[in-house]
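Report on one structure; see the data block that follows.
The values are calculated or read from the model by the stated rules, or taken from the named source; none is laboratory data. Everything numeric in this text was worked out from a predicted model, so none of it was measured. Neighbour counts are summed over all protein chains in view; Cβ atoms, including those assigned to glycine, are modelled from backbone coordinates with ideal geometry.
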There are 2 protein chains.
Amino acid sequence: MKKNIAIFFITAVSAVSGVRAQRSDSLFIRRIYDEALLNGHAYKRLEELCKGYGSRLSGSDHAERAVTWAGNMLRSYGFDTVMLQPCMVPRWQRGKTELLSVSSPLLNKRLKQFNDTAGWACEALEERYKKQAASYLLPACALGGSVGTNGSVSGSLCVVQNQAELETLGKAGRLKGCIVLFNEPFDEKKISTFSAYGGCVYQRVNGASLAARYGARAVLVRSMSNSCDLHPHTGVMHYVDSLPQIPAMAVATSVANTLAAVADDPKLVITISMDCQTLPDRLSHNVIAEERGATFPNRYIAFGGHFDSWDQGEGAHDDGAGCMHAFEALRLLKALGYTPRHTLRCVFWMNEENGARGAHTYAEQAAKNGEFHVAAIESDRGGFTPRGFSIDAEDAGIAQIKTWTSLLAPYGIHQFEKGGAGVDVAPLKHGPNSMNKSMLQMGLIPDSQRYFDYHHAETDVFESVNRRELHLGAATLAAMIYLLDQTLE
Amino acid sequence: MKKNIAIFFITAVSAVSGVRAQRSDSLFIRRIYDEALLNGHAYKRLEELCKGYGSRLSGSDHAERAVTWAGNMLRSYGFDTVMLQPCMVPRWQRGKTELLSVSSPLLNKRLKQFNDTAGWACEALEERYKKQAASYLLPACALGGSVGTNGSVSGSLCVVQNQAELETLGKAGRLKGCIVLFNEPFDEKKISTFSAYGGCVYQRVNGASLAARYGARAVLVRSMSNSCDLHPHTGVMHYVDSLPQIPAMAVATSVANTLAAVADDPKLVITISMDCQTLPDRLSHNVIAEERGATFPNRYIAFGGHFDSWDQGEGAHDDGAGCMHAFEALRLLKALGYTPRHTLRCVFWMNEENGARGAHTYAEQAAKNGEFHVAAIESDRGGFTPRGFSIDAEDAGIAQIKTWTSLLAPYGIHQFEKGGAGVDVAPLKHGPNSMNKSMLQMGLIPDSQRYFDYHHAETDVFESVNRRELHLGAATLAAMIYLLDQTLE
């Protein structure tokens, strides 16, 4: 395998020409950043997308209107080819009703206590509760893919802090008829918030079936976030076929903390009500723009983000930013008069959030059309200051990429880590239709500290994106595409 | 000089003990970050400071009340010593009146045109103008140190884009009786926004005297910011003694763009009115907390930020964050049971913004008391994700610090650059009272992309600070203090 990777790199470079190449690379990369920072288009286009079309849940009318906009927007730049690639997508719909109410005589008292001792600022929560007087309607929303409640579901509350506790309580019959709150918080010690997310997201994805196995009536899931705030964060969940399908809601982190603090109230009753549903699949599209390669027109370097989003917020960081990174990277190279050696493809994949149907369709079609991909880069970690790349390659390939450190360090790019690239590019390499199991795949890594403040929540709006941070990300992606295009065979 | 630096480092370390030291350093640094991320106090204390006391302009009642809070807050942690160090500070006061009005028949038309062609989103500006109907009151504020207008000052507008243009127009007599707009924007190509600031800030600091020399009546200065928005950014300005003192205002970047677009209107008249003034100096204080060193109690490592702020916003990033970095670094080391070799001093310097009187007093007192400082670290670049350090040392010292790269890279700390440390620590090394011209000085470098969105503006409030970013900064400072304390003699 190592050899397969290695042959994609031009290795027979003399020391002298190597130095010369680094010098001209360095100058061209400087031009990329200059153009992005002085004349970047990504921020303005992201604003049009977020403010003109809002969220883009797969199968929604919003999403399809935004696809049309994206095609027209890309065509306006005169790229060699712009196309919409059809794919069928699932269609889950949030209902009009989403209620989580709590009746607990202790709540008022405990709220006071909770706010006095909490390390973070949660006073806003108390204020909001007060406004609701006796009824205690708490901020919560359906998880994507959940069934509705068909009326309402009530039960006592059972809080589990981790999977071991779930098993213990479940086996003791203590979850039967309960509404289970999955309350394992992010491990704040992780420097990358994505690592913390990875350790907790089982609660959201599998929580309903894990609890249904022990007779629970519904589940509440602590939002996947580092913040203590009032925003429920939605996201995909799946049911295991053999188990009852029970409703699943996300609750804001501060609500999870509060519920945990009153869980010992014997009179506490939780009631949830929601009318979300799954409709038949619907036609949607990947959006593709490409610039034809001069040397290897039939070898592709693909890069992009996903165009769908959850229906909270505007899908600005997740993943409008990744799409605009990719569009802008292609624009930057074109604006600088760069003639690519390989065919460069900017792809806005559809349906990453709840099915990755666009990614699978793309890989299928690539195989069918004989589009040999030598590399693919995904951007799906937000529009924050870029820090580096996650690299899905053998050690030899990673070592080669690390020789570019000095070219990218002036722009604050220092992290080159072995790791996954992303679910939208993965099928090209690891899926059943892969034409190139040894292709190079990378994921752009922006700074992750703020990402989960916005992820899948109403806070993920255009205003949460910083212009310079977004444009630096696009330039970094363009610089990496350029280096790969120059280096790979 | 090189030798002077080198002797502060323990150089006679065998390879074996070096490895062992790195391993134990690595474990202790991990504990520092864990404590900061799990139990950090900086964010909560910053909230108390910002929301309880607001801005802290030198000589204001606000600032003195906040000093009292800071002393009590630090005492509550049981540090060996907490003290308030008296210093006299200047006292400039913003008045109740701050008006910039523009009369221009072309403005409406040009605004429309301007918004159509601007690369950034400035629609909000047009809306605000409309609300003001015919009078066109634009967002502007006095620069710190400016004289008032003693009634109002009117004149035609003269826009200068750079210093050369100022000289040309001035020598041609074209600035006489005018109100001059200094309109040189940040160089967006600079990756560090501080470099862009450095290239433009002469307009704010020296603009009034530069223009007064050619007979201008007043100056408007484009805000020192990367954003195109409606917030004027204040900041310090100085007059040259031999020239007339004319009023100076900051205007929001979008206002500067707009004014430049209507500058050719022959009927355009600018009127400004403000009643700011300078009062007699007033007693204020540096706030100091220290933990006594076990090996070298009379050798000091000082670290801190400045406690004063401008009177717009809450001084959250500038520089509440730096003060909380320093407090938290001392707390972290104490909470982990660390016994320092040198005496560690956390300092909240007063009056950095318009005089640095606190910094000079601190250096004076240190010399008087024979407090020999081996190192000092300043944090005055905001509470964003930390990226590295600026190092004021000889090359040998910088090379030694770079050997710690592998210890700090896991936390995203990659930048170790030769450069200035900051104006609050500088007098200790470079001032007339320096006891140690070869001491090591460093400045914490956080990510700079968002800094000038908030700097000296009403947007610099607690909500603009991210908890994890702030706590990572504090941990990074603590890790560096630990490494210096372990390494220096």
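Restricting to the stretch A:275-291, name every residue that is within 26 Å of A:S146 (Cβ to Cβ) and among the acidic types (D, E).
A:D275, A:D281
How many residues does the stretch B:206-235 contain that are charged (D, E, K, R), modelled with pLDDT of 95 or more and surrounded by fewer than 24 Cβ atoms within 10 Å (Cβ to Cβ)?
2
Could you check, for the stretch A:331-342, whether at least one of its residues is modelled with pLDDT of 95 or more and part of a strand (DSSP E or B)?
The answer is yes; a qualifying residue exists.
Does A:D241 satisfy being among the charged types (D, E, K, R) and assigned to a loop (DSSP other than H, G, I, E, B)?
yes
Does A:A208 count as over 30 Å from A:D447 (Cβ atoms) and part of a helix (DSSP H, G or I)?
Yes: the conditions hold for A:A208.
On the basis of being farther than 30 Å from A:A216 by Cβ and surrounded by fewer than 19 Cβ atoms within 10 Å (Cβ to Cβ), does A:G305 make the cut?
Against the criterion (farther than 30 Å from A:A216 by Cβ and surrounded by fewer than 19 Cβ atoms within 10 Å (Cβ to Cβ)), A:G305 does not qualify.
Inside the stretch B:48-62, can you point out the residues that are over 15 Å from B:H325 (Cβ atoms) and either out of contact with any Pro (no Cβ under 9 Å at 6 or more places or on another chain) or at the interface with chain A (Cβ under 9 Å from one of its Cβ atoms) (or both)?
B:E48, B:K51, B:G52, B:Y53, B:G54, B:S55, B:R56, B:L57, B:S60, B:D61, B:H62, listed by residue number.
Residue by residue through the stretch B:236-261, note down the ones that are more than 14 Å from every other protein chain (Cβ to nearest Cβ) and crowded, with 22+ Cβ neighbours inside 10 Å.
B:M237, B:I246, B:P247, B:A248, B:M249, B:A250, B:V251, B:A252, B:V255, B:A256, B:T258, B:L259
Quick check on my filter: what residues within the stretch A:265-292 are touching a residue at least 60 places away in the same chain (Cβ under 8 Å), surrounded by fewer than 21 Cβ atoms within 10 Å (Cβ to Cβ) and in a loop (DSSP other than H, G, I, E, B)?
A:D265, A:K267, A:L268, A:D275, A:R292
When you scan the stretch B:293-302, how many residues do you find that are exposed (fewer than 15 other Cβ atoms within 10 Å of the Cβ) and not in a strand (DSSP E or B)?
Counting residues in the stretch B:293-302 that are exposed (fewer than 15 other Cβ atoms within 10 Å of the Cβ) and not in a strand (DSSP E or B) gives 2.
Taking B:K189 as meeting all but one of (1) within 22 Å of B:V262 (Cβ to Cβ); (2) within 14 Å of another protein chain (Cβ to nearest Cβ), write down the number of the exception.
Tallying (1) within 22 Å of B:V262 (Cβ to Cβ); (2) within 14 Å of another protein chain (Cβ to nearest Cβ), B:K189 fails exactly one: (1).
Of the residues B:E417, B:E371, B:E394, which is touching a helix residue (DSSP H, G or I) at 6+ places or on another chain (Cβ under 9 Å) and under 30 Å from B:G59 (Cβ atoms)?
Numbers: B:E417 fails: under 30 Å from B:G59 (Cβ atoms); B:E394 fails: under 30 Å from B:G59 (Cβ atoms).
Only one candidate passes the filter, namely B:E371.
What pairs come up if the first residue lies in the stretch A:23-37 and is at pLDDT 95 or above, the second is assigned to a helix (DSSP H, G or I) and among the acidic types (D, E), and their beta carbons are under 9 Å apart, counting only those six or more places apart or on different chains?
A:A36/A:E328
With respect to the numbered conditions (1) modelled with pLDDT under 95; (2) in contact with a Pro (Cβ under 7 Å, 6 or more places away or on another chain), which one is the sole condition not fulfilled by A:L268?
Failed condition: (2).
Specify which of the listed residues (B:I445, B:I481) is assigned by TED's automatic domain parsing to the domain that holds B:E291, more than 22 Å from B:G358 (Cβ to Cβ) and at pLDDT 95 or above.
Just one listed residue meets the conditions, B:I445.
I'd like the full set of residues that are touching a strand residue (DSSP E or B) at 6+ places or on another chain (Cβ under 9 Å), touching a residue at least 40 places away in the same chain (Cβ under 8 Å) and more than 14 Å from chain A (Cβ to nearest Cβ), limited to the stretch B:406-427.
Looking only at the stretch B:406-427, we keep the residues that are touching a strand residue (DSSP E or B) at 6+ places or on another chain (Cβ under 9 Å), and these are B:408-409, B:411-426.
Now drop any that are not touching a residue at least 40 places away in the same chain (Cβ under 8 Å), which leaves B:408, B:411-413, B:421-426.
B:A421, B:G422, B:V423, B:D424, B:V425, B:A426, listed by residue number.
Can you confirm whether the stretch B:352-372 contains a residue that is touching a His at 6+ places or on another chain (Cβ under 6 Å), surrounded by 24 or more Cβ atoms within 10 Å (Cβ to Cβ) and in contact (Cβ under 8 Å) with a residue 24 or more places away in the chain? Don't jump to the end; show me each part of the working.
Restricting attention to the stretch B:352-372, the residues satisfying the condition of being touching a His at 6+ places or on another chain (Cβ under 6 Å) are B:352.
Then keep just the ones that are surrounded by 24 or more Cβ atoms within 10 Å (Cβ to Cβ); that gives B:352.
In the following step, the residues that additionally are in contact (Cβ under 8 Å) with a residue 24 or more places away in the chain were identified as B:352.
So far as the stretch B:352-372 goes, yes, one or more of its residues are touching a His at 6+ places or on another chain (Cβ under 6 Å), surrounded by 24 or more Cβ atoms within 10 Å (Cβ to Cβ) and in contact (Cβ under 8 Å) with a residue 24 or more places away in the chain.
Take A:F389 and tell me if it is within 24 Å of B:S192 (Cα to Cα) and either touching a residue at least 40 places away in the same chain (Cβ under 8 Å) or outside the structural domain of A:R357 (by TED's automatic domain parsing) (or both).
Judged against the criteria, A:F389 is a match.
Tell me, which residue of the stretch A:432-489 that is within 14 Å of another protein chain (Cβ to nearest Cβ) and of a type in the set (F, W, Y) is surrounded by the most Cβ atoms within 10 Å (Cβ to Cβ)?
In this case the residue turns out to be A:Y454.
Would the stretch A:99-113 turn up any residue that is modelled with pLDDT under 95, over 30 Å from A:N351 (Cα atoms) and in contact with a Pro (Cβ under 8 Å, 6 or more places away or on another chain)?
No, the stretch A:99-113 contains no residue that is modelled with pLDDT under 95, over 30 Å from A:N351 (Cα atoms) and in contact with a Pro (Cβ under 8 Å, 6 or more places away or on another chain).
Quick test for you: out of B:V89, B:V82, pick the one residue that is over 21 Å from the mean Cα position of the chain (by Cα), at pLDDT 95 or above and buried (at least 18 other Cβ atoms within 10 Å of the Cβ). Even if it seems obvious, please write down each step before you answer.
Working: B:V89 fails: over 21 Å from the mean Cα position of the chain (by Cα).
Criteria check complete, one pass: B:V82.
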